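Contents: one structure, followed by commentary.
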Amino acid sequence: MNTVSATEQQQDSTRARMQAMGRAARAAARLMARADTGTKNAALNAIANELDRQRPQLAAANAKDMQHGRDSGLDAALLDRLELTDARIDGMIEGLNQVADLPDPVGEISDLKYRPSGIQLGKMRVPLGVIGIIYESRPNVTIDAASLCLKSGNATILRGGKEALHSNGAIAACITAGLKQAGLPEAAVQVVETTDRAAVGAMITMSEYVDVIVPRGGKGLIERISNDARVPVIKHLDGICHVYIDDRADREKAFNIALNAKTHRYGVCNAMETLLVAEGIANEVLPRLAAAYSEKGVELRGCEKTRAIVPDAQPASDEDWVTEYLAPVLSIRIVADMDAAMDHIAQYSSGHTESIVTEDYTRARRFLAEVDSSSVMVNASTRFADGFEYGLGAEIGISTDKLHARGPVGLEGLTSQKWIVFGDGQIRE
C-alpha cells in the first residue's frame with residue numbers, strides 16, 4: 001500500500017509540473033506569435049554560438065548517456081542515434097543557421113481578392129501555438145524541434161527519451177541561454193527533465209495548453225500516443241521504404257541508388273527496407289548488388305526467385321515485407337513489372353518514401369502519380385527524404401498522415417492559416 005501511495009504521489013507531482021510547464025508555454029506562445037523575424041533569428045544565432053562554445057560540456061554529457069546506454073544493452077542502431085559526435089554538433093549548428101536564413105512564414109498573406117460586397121478577403125499564416133514533441137534517443141532532435149518551433153513563432157515542450165537525458169539537458173541549457181540573449185521568453189522552449197512516463201501521459205492530454213503533439217520514435221511509442229492523446233497528433237508509425245529497379249533502369253544508377261538507400265545509414269526511417277527488382281533485369285543487377293551488400297555486412301532475405309539468383313539470401317517471410325529493420329538487413333523481391341511493384345508497395349508500404357529507378361519517362365510519371373506515399377522519387381535514393389535535404393533547414397518529423405502536414409514537416413507545417421478581411425465600413429445587407 002505504501003509503495004502504491006508513493007507511486008501515486010510521484011505521478012501527481014509529475015502531472016502538476018507538466019501543468020505548470022503547459023501554462024508557461026501558453027503564455028510564451030502569445031509572446032512568440034508577435035515576435036519579429038529579426039528577434040527570432042537572433043535567438044537562433046545565439047543558440048548556435050552557445051552550442052559551439054559548449055562543445056566540451058555537450059561531449060561530457062553525451063558520454064554519460066552513451067555509457068549508460070551500453071550498460072543497459074542498447075543495440076547498435078540506438079547507440080548510433082544517441083551519439084553526439086563533433087560532426088553532428090556541426091550539423092546542429094548548420095541546421096540552426098539554415099533555419100535562420102529561411103523566409104519567415106508567420107504573417108504571410110496570400111490569396112487576396114475582392115468580394116462583390118467590396119471587402120477584401122485573404123489568408124494569413126499564423127503559428128499553431130504550443131507544440132508538444134515526444135521523441136527517443138537522438139539528442140539532435142532537441143535542436144531541430146526547438147529551431148523550427150522558434151522560427152515559426154510557436155512555443156514548445158520537448159520530452160526526449162531517458163537514454164539522452166544528460167545530452168538533452170546540456171542542449172537545453174544552450175537553448176535557454178540563446179533565448180535569454182535575444183530577449184525571448186525562456187518558456188518558449190522547455191525540455192522535460194523527468195523520465196517519469198506520467199509526463200508523457202499528462203502532456204498528450206493537456207488540450208487546454210498543448211495544440212498539437214508530434215511523436216518521434218519507435219512504433220510502440222507512436223501507437224500509444226495515437227491511442228491515448230486528446231490533442232491532435234502529427235505522426236508516422238514506421239518507415240518501410242521501397243526502391244523499385246525497373247527493367248528500363250540505367251544499371252549504374254540502379255546499383256548506386258540501391259546501395260546508398262540501404263547502407264548510407266541503417267537506423268533511420270528513410271533507409272530502404274525492401275528492394276523490388278523487375279524480372280527482366282534481376283539477373284544483371286542482383287549478383288553485383290548482393291556482393292556489395294555482403295561486403296558491408298548486410299543480411300539479405302529474398303523471395304524464391306531472388307534466392308535462385310542469390311543463393312546466400314535467407315528465405316523472406318510475410319513478416320519481412322512489413323518490418324522496419326533499422327539494421328543491416330534487407331528484403332528483396334523480384335516482381336514481374338512496375339504494376340506488380342506498385343501492388344506490393346500498396347500492400348506493404350508505411351506511406352513514407354518510395355523510389356523508382358527507370359529511364360522510361362512515362363513509367364516514372366505513372367509511379368509518381370499512383371504511388372501513395374509522403375515522398376515519391378525517380379532515380380534518387382530514399383535517403384533524400386529529409387527536411388535538411390529538402391531545404392527546410394531541419395525537420396520536426398516526417399508525417400505519413402494526409403491531413404495538415406505530409407512528409408518532412410518544416411516551418412510551414414508548424415503554421416496554419418486564418419481568414420482575414422479588409423473592409424472600409426461595409427455592412428451585410
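The values are calculated or read from the model by the stated rules, or taken from the named source; none is laboratory data. If you're wondering where the values come from, they're calculated on a predicted model, not measured in any experiment. With ideal geometry, Cβ positions are generated from the backbone for all residues, glycine too; neighbour counts draw on all protein chains shown. Areas reflect the complete protein model, heavy atoms only, side chains present, ligands, DNA and RNA absent. Shrake-Rupley method; radii C 1.70, N 1.55, O 1.52, S 1.80 Å.
For S373, the criteria (1) in contact (Cβ under 8 Å) with a residue 12 or more places away in the chain; (2) more than 25 Å from Y325 (Cα to Cα); (3) out of contact with any helix residue (DSSP H, G or I) (no Cβ under 6 Å at 6 or more places or on another chain); (4) assigned to a loop (DSSP other than H, G, I, E, B) hold in every case but one, which is (2). Of everything in the stretch 286-303 that is small (G, A, S) and open to solvent by less than 70 Å² (accessible area, probe 1.4 Å), the residue that is nearest to E324 (Cα to Cα) is G302. The set of residues in the stretch 134-169 being in contact with a helix residue (DSSP H, G or I) (Cβ under 7 Å, 6 or more places away or on another chain), β-branched (V, I, T) and modelled with pLDDT under 95 consists of I134, T142, I143.
When A202 is tested against (1) modelled with pLDDT under 95; (2) more than 21 Å from the chain's Cα centre (by Cα); (3) surrounded by fewer than 20 Cβ atoms within 10 Å (Cβ to Cβ), exactly one condition is not met: (3). One residue stands out among those in the stretch 378-395 that are modelled with pLDDT under 95 and within 22 Å of K253 (Cα to Cα): the one that is surrounded by the most Cβ atoms within 10 Å (Cβ to Cβ), which is D386.
Among the residues making up the stretch 106-138, those that are farther than 20 Å from I213 by Cβ and surrounded by 19 or more Cβ atoms within 10 Å (Cβ to Cβ) are V106, R125. Screening L158 on (1) more than 30 Å from Y209 (Cβ to Cβ); (2) in a strand (DSSP E or B); (3) under 19 Å from the mean Cα position of the chain (by Cα) shows it passes everything except condition (1). Of the residues making up the stretch 197-234, those that are part of a loop (DSSP other than H, G, I, E, B), over 28 Å from E324 (Cβ atoms) and not hydroxyl-bearing (S, T, Y) are M206, E208, D211.
Return yes when D238 is open to solvent by 10 Å² or more (accessible area, probe 1.4 Å), farther than 23 Å from L148 by Cβ and modelled with pLDDT under 95 and no when it is not. Spelling it out, it is not the case that D238 is open to solvent by 10 Å² or more (accessible area, probe 1.4 Å), farther than 23 Å from L148 by Cβ and modelled with pLDDT under 95. Looking only at residues in the stretch 406-429 that are β-branched (V, I, T) and within 30 Å of T353 (Cβ to Cβ), the one that is nearest to the chain's Cα centre (by Cα) is V409.
Among residues of the stretch 410-427 being in contact with a strand residue (DSSP E or B) (Cβ under 8 Å, 6 or more places away or on another chain) and either modelled with pLDDT under 90 or aromatic (F, W, Y) (or both), the one that is surrounded by the fewest Cβ atoms within 10 Å (Cβ to Cβ) is W419. Selection of the stretch 118-135 for residues being more than 18 Å from H236 (Cβ to Cβ) and outside any loop (DSSP other than H, G, I, E, B) yields Q120, L121, G122, K123, M124, R125, V126, P127, V130.
Go through the residues of the stretch 345-359 one by one and say whether even a single one is assigned to a helix (DSSP H, G or I) and touching a residue at least 40 places away in the same chain (Cβ under 8 Å). Checked the stretch 345-359: at least one residue is assigned to a helix (DSSP H, G or I) and touching a residue at least 40 places away in the same chain (Cβ under 8 Å). In summary, S375 fulfils each of the numbered conditions (1) polar (S, T, N, Q); (2) under 14 Å from the mean Cα position of the chain (by Cα); (3) modelled with pLDDT of 90 or more; (4) open to solvent by 20 Å² or more (accessible area, probe 1.4 Å) with the single exception of condition (4). G220 satisfies every condition listed in (1) free of Cβ contacts under 8 Å to residues at least 12 places away in the same chain; (2) open to solvent by less than 10 Å² (accessible area, probe 1.4 Å) except (2).
Could you grab me the full set of residues in the stretch 346-363 that are open to solvent by 10 Å² or more (accessible area, probe 1.4 Å) and among the aliphatic types (A, V, I, L, M)? Listed by number, the list holds a single entry, A346.
Going through the stretch 304-336 one residue at a time, which ones are open to solvent by less than 70 Å² (accessible area, probe 1.4 Å) and more than 27 Å from the chain's Cα centre (by Cα)? Of everything in the stretch 304-336, those that are open to solvent by less than 70 Å² (accessible area, probe 1.4 Å) and more than 27 Å from the chain's Cα centre (by Cα) turn out to be T306, I309, V310, A313, A316, S317, I334, V335, A336. Those helices (runs of 4 or more DSSP H) of the stretch 1-110 in which 2 or more residues are closer than 30 Å to F422 by Cβ occupy 2-33, 37-53. With respect to R363, is the statement that it is over 12 Å from the mean Cα position of the chain (by Cα) and basic (K, R) true? When the stated conditions are applied, R363 passes them.
Only residues that are assigned to a helix (DSSP H, G or I) and either buried (at least 18 other Cβ atoms within 10 Å of the Cβ) or within 32 Å of the chain's Cα centre (by Cα) (or both) were counted in the stretch 257-285, giving 10.
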